[in-house]
Amino acid sequence: MSVPAVATRPDPEIDGAVLLPMPPQDGFTAEDLDRIPDLPPHTELIDGSLVLVSPQKLFHMLFLELLGDALKAHAPSGLRLAREFSVRLGERQRPEPDLMLVRADAFARLEQTWFPPEAVELAVEVVSPESVIRDRERKPQLYARAGVRFFWRVEQEGDDAVVYEYEKDPASPSGDYGRPIAHRQELRTSAPLKLEFDLTGILNR
């Protein structure tokens, strides 16, 4: 479909407003995300709606750097790390996990803008104040039902991080994740990779 007409908005050069297109009646599609000009970086598509990313906290940036380096160093053969890259979960679902472990053969073309869910072994989301409901409720549901086997939700707790580790429950009739395991002080896991990772003192690491 063609990109809808742009709504009349104040001049962004005057008041910093973001100029966005008028949404179609049924919402935007995954393809629209590549066709809409001048979208802010890391715009996501959730349930047909554009989701803009607010400025990230220092915790968010530092933790992603630390965990991303650890995942890259310990990733099993055949998996590669992807940072802040979108995954197309359905016609109107295209979130952008903070980190992913993705099958190496899914890195196909330098021009590609998304991965299919079947290529994603692990998706990681660091919770921000404005994304609490999406990251705790909607995104785990979307990732699980699209077939992403593992999902980690990361939250700040003082100067430390807490990682909630989810895995798809084969007994779930809806295909959702099972009850998460909460990791404090240290993340110790064996799937989808073997990893022991310190979750304390994020600021001074």
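Overview of results
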{"item": "Nearest 10 degrees, 0 to 90: helix 58-74 Cα axis against the chain principal axis", "result": "60 degrees"}
{"item": "Accessible surface of segment 68-151, 1.4 Å probe, proportion on carbon and sulfur as whole %", "result": "48 percent"}
{"item": "Point-charge dipole on Cβ atoms (K/R +1, D/E -1) for the chain, about Cα centre, debye to 20", "result": "560 debye"}
{"item": "Ranked packing of 134-145, 155-166, 23-34, 90-101, most packed first, by mean Cβ within 10 Å", "result": "90-101, 134-145, 155-166, 23-34"}
{"item": "Ratio of the Cα radius of gyration of the chain to 2.2 N^0.38 Å, where N counts its residues", "result": "1.07"}
{"item": "MRE, 222 nm, helices only [DSSP H, n ≥ 4, -39500 (n - 2.57), over the chain, to nearest 500]", "result": "-4500 deg cm²/dmol"}
{"item": "Farthest toward positive dipole pole in segment 50-192 [+1 Lys/Arg, -1 Asp/Glu at C-beta], among 126, 97, 189", "result": "97"}
{"item": "Accessible area of the chain divided out per residue, in Å², using a probe of 1.4 angstrom", "result": "54 Å²"}
{"item": "Average silhouette area of segment 64-126, convex hull of alpha-carbon atoms, in square nanometres", "result": "4.3 nm²"}
{"item": "Stretchable slack from residue 137 to residue 61, in nm (0.36 nm times residue separation minus alpha-carbon distance)", "result": "25.1 nm"}
{"item": "Chain lengthening between residue 188 and residue 51 when straightened (0.36 nm per residue, less Cα-Cα)", "result": "46.1 nm"}
{"item": "Residue-level accessible surface for residue 38, protein heavy atoms, 1.4 Å, Å²", "result": "140 Å²"}
{"item": "DSSP bridge pairs, the chain: antiparallel proportion in percent, nearest 5", "result": "80 percent"}
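The values are calculated or read from the model by the stated rules, or taken from the named source; none is laboratory data. None of these values were measured; they are calculated from a predicted model. Using ideal geometry, Cβ is built from the backbone for each residue, glycine included, and neighbour counts are taken over all protein chains shown. The area values use the complete protein model at the heavy-atom level, side chains included, leaving out ligands, DNA and RNA. Shrake-Rupley method; radii C 1.70, N 1.55, O 1.52, S 1.80 Å.
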